[in-house]
Amino acid sequence: MSLSAAGCIIEPVTSELDPAEMGTRESYALLNSIIVPRPIAWVSTISAAGVANLAPHSFFTISSVDPPVVQFTSVGHKDSLRNVRETGEFVVHIVTRELAELCNATSTDFPAELGEYEALELATVPSHAVAPPRLAAANVALECRSVGEHDFGGSVVSFGQVVWIGVDESLLAGDGQVDIRALQPVSRLGRDEWGEVGEVFTLRREPYQEWKERR
Ligand SMILES: Cc1cc2nc3c(=O)[nH]c(=O)nc-3n(C[C@H](O)[C@H](O)[C@H](O)COP(=O)(O)O)c2cc1C
């Protein structure tokens, strides 16, 4: 609270929050609705017993360029994490608009012995370099070997080096990169909200030398 020039009390327009004072559920939900949009890793794994598993993880990003490494976070100790720990490999698929409902269906908490592929009768194709299968319907597959994890206690970040990349040729533009309009990836927002790609615009990054000369 502060005073205006006229001496009136001005109510603050911000909420100042200490995560340590909030419940875990509350801080999780708030951060989840602030850190948006999040790309979704649709993670395929296989257990030591041979059960293939598929589950979405939106705490996901690229973590290293050289070597190429991606990461996903298991909030709690879920089947995907346990499988990576057991067999050391995973495949990340990108979730497209037409697969969003199916992706959501794979987030049901099936028991470990019943994989989502089997439960939902999902067709698979073999991966090129790793044991977990690819989801046949997916048009991007990043095949990864585990290169470690960071265990925060309640959540574990799992890192995987990308050892093979499978991309549907129709998604590739002339520059060898994926055309976002063709890919149509969906993202995770807060609550049960999902997002599609809206307007796409381009901004060129200006080199310092050019910036200096322009001033
Ligand atoms: C779009 C979406 C994103 C999700 N992101 C995460 C995540 O980042 N980390 C996580 O632990 N659970 C996440 N979940 C929930 C898991 O998918 C869910 O708990 C699932 O049952 C875990 O499967 P598993 O036990 O086979 O690994 C997400 C669910 C959805 C629908």
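Some notes on this structure:
- Filter result (more than 9 Å from the ligand (Cβ to nearest atom), surrounded by 13 or more Cβ atoms within 10 Å (Cβ to Cβ) and not hydrophobic (A, V, I, L, M, F, W, C)) within the stretch 90-126: H93, T96, R97, Y117, E118, T124
- Odd one out for A55, checked against (1) within 11 Å of the ligand (Cβ to nearest atom); (2) within 15 Å of R145 (Cα to Cα); (3) in contact (Cβ under 8 Å) with a residue 40 or more places away in the chain: (2)
- L183 being in contact with a strand residue (DSSP E or B) (Cβ under 6 Å, 6 or more places away or on another chain), open to solvent by less than 50 Å² (accessible area, probe 1.4 Å) and within 22 Å of T106 (Cα to Cα): no
- Tabulated pairs, the stretch 20-39, first among the hydroxyl-bearing types (S, T, Y), second open to solvent by less than 90 Å² (accessible area, probe 1.4 Å), C-beta under 8 angstrom, 6+ apart or interchain: T24/G154; S27/P19; Y28/V75; S33/L189; S33/G190
- Evaluating L30 against the criteria (1) part of a helix (DSSP H, G or I); (2) within 19 Å of the chain's Cα centre (by Cα); (3) within 14 Å of the ligand (Cβ to nearest atom) leaves one unmet condition, (3).
- Scanning the stretch 20-34 for residues that are surrounded by 15 or more Cβ atoms within 10 Å (Cβ to Cβ) and not hydroxyl-bearing (S, T, Y) yields L30, N32.
- Candidate set from the stretch 186-215 (those that are basic (K, R) and in contact with a helix residue (DSSP H, G or I) (Cβ under 9 Å, 6 or more places away or on another chain)); member that is most open to solvent (accessible area, probe 1.4 Å): R191
The values are calculated or read from the model by the stated rules, or taken from the named source; none is laboratory data. Just so you know, these numbers come straight off a predicted model, no measurement behind them. Cβ: placed from backbone, ideal geometry, glycine included. Neighbour counts: every protein chain shown. Accessible surface areas use protein heavy atoms only, side chains included; no ligands, DNA or RNA. Shrake-Rupley method; radii C 1.70, N 1.55, O 1.52, S 1.80 Å.
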